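This report concerns only the one structure given below.
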């Protein structure tokens, strides 16, 4: 029993520790610095022009920094778009890194987008399957039907885990093979700032690891509920 409790505590720590760390790292480097020649948004526009991403747009968002491959839009939250902080500069370069991946036809990026589309639809159907199990079992009087819907629900959750795992190398490439080399070659950041930029991007990448673990924990929770 103690081993099970210890295992659960360790799993919860692995899930939430990266989230706490990334919040701490981002906040630590979110102060505006006068020596930066422009904001995160201005850097994004500069890089979009530099890499000839002619059909890529830049917009403000309140739902988290991201690149939308459907509309080909880099979206930054106000503090990144208008801020002159190390976090703003680093995150802006990272999101443009995704736009560069898209233009180059980077295969893991394309595969991730297809998987995300399928996973969103499967998650919605999976959630409905889980909720419908008791009612369907009572109406049909067939436990096998309930098991079938339960299996579909679990499969949809595992697909979400797979998406997180596919996302990690895509994010890693956008950070360490796109954004950081660009920031270093263009001398947008000093050597000391580059060290901290790596910490910011590493912390952000680890949130996808915690996301995978959280997805697996959700699967285990549903299995435990069903076994009761």
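Listing for the model above:
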read-out: Selection from region 51-85 of residues that are buried (at least 24 other Cβ atoms within 10 Å of the Cβ) and assigned to a helix (DSSP H, G or I); value: 80
read-out: Residues that are surrounded by fewer than 16 Cβ atoms within 10 Å (Cβ to Cβ) and touching a residue at least 60 places away in the same chain (Cβ under 8 Å), drawn from region 161-176; value: 169
read-out: Test: residue 26 is in contact with a helix residue (DSSP H, G or I) (Cβ under 8 Å, 6 or more places away or on another chain) and modelled with pLDDT under 95; value: yes
read-out: Conditions (1) within 18 Å of the chain's Cα centre (by Cα); (2) modelled with pLDDT of 95 or more: number failed by residue 108; value: (2)
read-out: Any hit, region 36-44, residues being at pLDDT 85 or above and surrounded by fewer than 18 Cβ atoms within 10 Å (Cβ to Cβ); value: yes
read-out: Flag for residue 86 being at pLDDT below 70 and at negative phi; value: no
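The values are calculated or read from the model by the stated rules, or taken from the named source; none is laboratory data. It should be emphasised that the depicted structure is a prediction, and the values quoted were computed from it without experimental measurement. Every residue, glycine among them, receives a Cβ derived from its backbone with ideal geometry; neighbour counts consider all protein chains shown.
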